[in-house]
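Throughout, read-outs are computed from the coordinates displayed, never taken from laboratory work. Given the structure is predicted, the values throughout are model-derived calculations rather than measurements. Here the Cβ positions follow ideal geometry from the backbone for every residue, glycine too, while neighbour counts run over all protein chains shown.
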Amino acid sequence: MKDTLSLNKFLGQLVLIFILSGFKIASGQEVKDQAAPIPDEISMILKASCYKCHDNNGKILARMKLNFSTWAEYSSTEGAKKASESCSELVKETMPPKSTRKSNPEMIPSEEQIELICKWAESLKIK
């Protein structure tokens with residue numbers, strides 16, 4: 001009797017999963033792995049320091065490597081990797097590039113801003 005109850009419970013759960021899966025497919029909902037949204041505080045820094053080159057209106061090579069306008073299209077893994085690379089580039093002072101640093105010093109993020117970006121990047125890492 002106990003085995004029959006366990007089997008019935010298992011079959012009931014299996015049917016429930018099947019029904020819910022069918023509902024999700026039938027309703028057109030799709031679970032997509034995407035990068036976490038960029039927080040407003042980080043977005044403001046990126047807009048001032050990075051978007052000139054790294055958005056849909058930016059330089060083609062820069063936006064091929066990283067395009068903040070299409071951030072939501074990155075997977076969570078890609079987003080974490082790109083955020084981490086951004087942190088590294090800012091810490092090494094290779095971004096913004098030297099030419100931009102000279103002609104547009106206002107685009108250089110402060111140490112505090114770089115620290116915020118790096119903490120954000122760290123929070124995105126898949127654990």
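Odds and ends about this structure:
- Matching residues, the stretch 56-77, being assigned to a helix (DSSP H, G or I) and over 11 Å from the mean Cα position of the chain (by Cα): Ile60, Leu61, Ala62, Arg63, Met64, Lys65, Ser69
- Scoring Glu115 on the criteria (1) in contact with a helix residue (DSSP H, G or I) (Cβ under 8 Å, 6 or more places away or on another chain); (2) surrounded by 13 or more Cβ atoms within 10 Å (Cβ to Cβ); (3) not aromatic (Phe, Trp, Tyr) leaves a single failure, condition (1).
- Matching residues in the stretch 53-101 - criterion: being under 16 Å from Ile38 (Cα atoms), surrounded by fewer than 15 Cβ atoms within 10 Å (Cβ to Cβ) and among the aliphatic types (A, V, I, L, M): Ala72
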